Number of protein chains: 2
Amino acid sequence: MVGGAEGSSPRRIPEATVARLPVYERILTEMLRSGDLTVSSEQLGSRARVNAAKVRKDLSLLGSFGTRGTGYDIAFLVAQIQRALGVDGDWPVAVVGLGNLGRALVNAEGFSSRGFRIAGAFDIDPAVVGQQVGPVVVRHLDELGLLEVGDRPTIGVVATPAAPAQQVTDALVAVGVRAILTFAPAVLEVPAPVLLRYVDLSIDLQVMSFFLARQPAEPLADELAQLRAVGLTPRR
Amino acid sequence: MVGGAEGSSPRRIPEATVARLPVYERILTEMLRSGDLTVSSEQLGSRARVNAAKVRKDLSLLGSFGTRGTGYDIAFLVAQIQRALGVDGDWPVAVVGLGNLGRALVNAEGFSSRGFRIAGAFDIDPAVVGQQVGPVVVRHLDELGLLEVGDRPTIGVVATPAAPAQQVTDALVAVGVRAILTFAPAVLEVPAPVLLRYVDLSIDLQVMSFFLARQPAEPLADELAQLRAVGLTPRR
DNA sequence: TCATGTGAAAACGTTCACAGCA
DNA sequence: TGCTGTGAACGTTTTCACATGA
């Protein structure tokens, strides 16, 4: 649904596919490290818990660069996926809230890799402001608007408790973030153009337990093959 | 796809709906706190960023208990959603890895609420083992198998770095968890019947940035209305 | 021979539009 | 009149099945 006059865009990549690409990429990167050079849709699919035909459809949307009879060149595939996901971009991220969760995020492996970089970390607790946390020095939330032009965040991460989350979100929107990723267990309101994504332990647990509840405790292997892992997506 | 002879199960609830129910529930609970008594599908939809018809479809799957011309009784609706999600269950959860992330999880609001309870927290770091973290005392991973029968975890949460994640997962599977929720940036292998869900900052960021990249920086309100927030679900 | 790439079919999920009821 | 509940239309995603090419 990202309509518009895009001109020379190579192909429309469905949202469902976009959600799987990072998973493929991670698997392929791991395989590269293990010394593998090529992979079949069958292999990749079984590692990603995805039907092989789906893998082929997904990859064919990026262009046709598999070799019939052999499979895909892993290194090349990784490069193509990265290109499709737009790794070349620069995505400054502001993290607000440096409790345990915020600290974990700021230190996360694979955060600064990829186009993402932490443009700033913010809190209001005087005990935390000024502290060095991982790669950054925590600043007061009031300084959010004072970031250099090149560091103006495109994405805001809300890692506060539920109570201040809406206020923090408003502050992020005010400095122009175009997307919010929130870990706070609260429902947020943002203006329509801002992308909003909730990451939530209790929601994940509830969805999981729903499926567990209607699954026999000791089920037969056959029926289980059909039970795919609850996806990554919009789901998202 | 949870086929089988379930007999008197009320209705099949699609996965997409299941992923939205906890969101509705959270909004409704907040509205209750604000003193609201009823809600229309329009109101609930706009808060959840979901089409009103979809809200009605979702809720009608739980049974028909709206009042035409008025809307839904919020308290009753919350109860129905909870019943559908199976709140009545008991879901012991084992958390492995008590770095910043594990600490955040163990202390999370809304963890122990709902049927979930922390049956145990495990690590291998001698500096952490024995420590009181939030509501629990951390035990050594080797003691995972020693939990009382009533505390045998149904769900395992992996909050370790990528390197030991597979090993930890194997240990969890060995003690009989039926679902794994992992925050480790690694691809895991589990036997087919075990549900597996990845929660991953860098994947979320990548998906978000993909949509941002093909979205005009200062887009018109009309086009944006179509850009729904990247969902929760499976996520998804 | 083996595995990709892709039309066509099936399954699934969303949205529309309106009948039905308070 | 206002809002739910739901068939039917629509759009998207998945899966099948096989022609194609290394």
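The values are calculated or read from the model by the stated rules, or taken from the named source; none is laboratory data. Computed from a prediction, not measured in an experiment: that's the story for all the values here. Cβ: placed from backbone, ideal geometry, glycine included. Neighbour counts: every protein chain shown.
Checking the conditions here, which among B:Val149, B:Val177 is surrounded by fewer than 21 Cβ atoms within 10 Å (Cβ to Cβ), more than 9 Å from chain A (Cβ to nearest Cβ), out of contact with any His (no Cβ under 9 Å at 6 or more places or on another chain) and among the hydrophobic types (A, V, I, L, M, F, W, C)? Give the derivation first.
Numbers: B:Val177 fails: surrounded by fewer than 21 Cβ atoms within 10 Å (Cβ to Cβ).
Result of the check over B:Val149, B:Val177: B:Val149.
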Failed item in (1) buried (at least 16 other Cβ atoms within 10 Å of the Cβ); (2) touching a residue at least 12 places away in the same chain (Cβ under 8 Å); (3) within 8 Å of chain A (Cβ to nearest Cβ); (4) under 30 Å from B:His140 (Cα atoms), with B:Gly89 passing the rest: (1)
Residues of the stretch A:201-236 classified as more than 7 Å from chain B (Cβ to nearest Cβ) and either at positive phi or at pLDDT 90 or above (or both), total: 0
Test: residue in the stretch A:102-113 that is farther than 23 Å from A:Ala171 by Cα, within 16 Å of DNA strand C (Cβ to nearest atom), under 22 Å from the mean Cα position of the chain (by Cα) and in a helix (DSSP H, G or I): no
